[in-house]
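Any read-out appearing in this document is the output of simple, stated calculations on the displayed coordinates, not a laboratory observation. Because the structure is predicted, anything quoted here is derived from the model rather than measured. Here the Cβ positions follow ideal geometry from the backbone for every residue, glycine too, while neighbour counts run over all protein chains shown.
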Amino acid sequence: GQQVMQIPQYQHVQEGEDFTTYCNSSTTLSNIQWYKQRPGGHPVFLIQLVKSGEVKKQKRLTFQFGEAKKNSSLHITATQTTDVGTYFCAADSGGYQKVTFGTGTKLQVIP
Amino acid sequence: DTEVTQTPKHLVMGMTNKKSLKCEQHMGHRAMYWYKQKAKKPPELMFVYSYEKLSINESVPSRFSPECPNSSLLNLHLHALQPEDSALYLCASSQESRVYEQYFGPGTRLTVT
């Protein structure tokens, strides 16, 4: 089935540094979503990207969808301790309502 | 109200027990989902209900039995589970027109002894 890989698996940054996680698929995606899961918490929807080359911003977060719709990235500018958590991309896995989550990137921010 | 609630928060059960997990949402969402999440892994889709009908079963063993009594409620009945079934069970819901924007509940942490 659909596999969505994320890199890096873990990232430690000093507070104030930038952070980027990448999501890669071997197949073309119709859309991609990003979720954040805080330690001990549940996934929280952040955004959905649909169009080739789409870029969306939410305050310090910038989301991009690749031109070929096979990859996506999430960039956080000037990380804060509240950004700590695991960031997952998610994509439809070949069927309506079937969602496959990426492997996730765990972000640790050192104050 | 943008909340999905799940009960219980924690559950410990033996391999011969029968128990149920419950999920409730009052957002008017007509799609509801069960996911299983093992430690340090992404959520894995188990079941999808659409308009109270089971639309997706991701080849889940029959010891897991979902039920959708009405548009706000989703249950997961558990019977004869194995220790490897210990995990966080997450419920989610979404609008039918925005199935990829899912709202998750806090989950039930299940331990099978």
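The Cα trace of chain A gives Rg and Dmax of 13.4, 42 Å, the first to one decimal, the second as a whole number. About its Cα centre, the protein assembly as shown has a charge dipole of approximately 200 debye under the convention of +1 per Lys or Arg Cβ and -1 per Asp or Glu Cβ, with nothing else charged. With kT/(6 pi eta Rh) evaluated at 37 °C and eta = 0.692 mPa s, and Rh the Kirkwood radius from Cα pairs, chain B diffuses with a coefficient of 236 µm²/s according to Stokes-Einstein. Across peptide B:35-42, the mean count of Cβ atoms from other chains lying within 10 Å of each residue's own Cβ comes to 4.
Using the Cα centre of chain A as the reference point, and only Cβ charges (+1 on K/R, -1 on D/E), how large is the resulting charge dipole? Debye, rounded to the nearest 20.
260
Amide H to amide H distances under 5 Å link A:LEU46 with A:TRP34, A:TYR35, A:LYS36, where only residues 5 or more positions off or on other chains count and H is placed in the peptide plane. Database remark: amide H of A:ASN31 closer than 5 angstrom to the amide H of A:ASP92 (H placed geometrically; neighbours at sequence offset of 5 or more, or on other chains; Pro and chain starts carry no H). The H on the amide N of A:GLU54, modeled in the peptide plane, is under 5 Å from the matching H of A:PHE65, each at least 5 residues off or on a different chain. Residue-wise HN-Hα couplings along segment A:3-10, as the Karplus relation 6.51 cos²θ - 1.76 cosθ + 1.60 with θ = phi - 60° gives them from phi, are 10, 10, 9, 10, 9, x, 6, 9 Hz; Gly and Pro carry x. Neighbouring Cβ atoms from other chains, within 10 Å of the Cβ of residues in A:102-111, number 1 on average.
Looking at segment B:1-112 only, what percent of DSSP beta bridges run antiparallel? Nearest 5 please. Around 90 percent antiparallel, to the nearest 5. A protection proxy built from the mean count of other Cβ atoms within 10 Å ranks the segments A:100-106, B:29-35, most packed first, as B:29-35, A:100-106. Among the listed pairs A:LYS51/B:LYS22; A:LYS57/B:LYS38; A:LYS36/B:LYS22; A:LYS98/B:LYS41; A:LYS98/B:LYS9, give every one whose C-alpha distance is greater than 29 Å. Over 29 Å apart, Cα to Cα: A:LYS51/B:LYS22; A:LYS57/B:LYS38.
Once divided by 2.2 N^0.38 Å, the Cα radius of gyration of segment B:1-67 becomes 1.21. Given R0 = 22 Å, the distance between the Cβ atoms of B:GLU84 and B:SER59 translates into a calculated FRET efficiency of 0.90. Left without a cysteine partner by the 4.7 Å Cβ rule in chain B: B:CYS68.
When only alpha carbons of segment A:60-111 are considered, Rg and Dmax amount to 13.4, 42 Å.
Temperature 20 °C, viscosity 1.002 mPa s: under these conditions the Stokes-Einstein estimate for the protein assembly as shown, based on its Kirkwood radius over C-alpha pairs, is 119 µm² per second.
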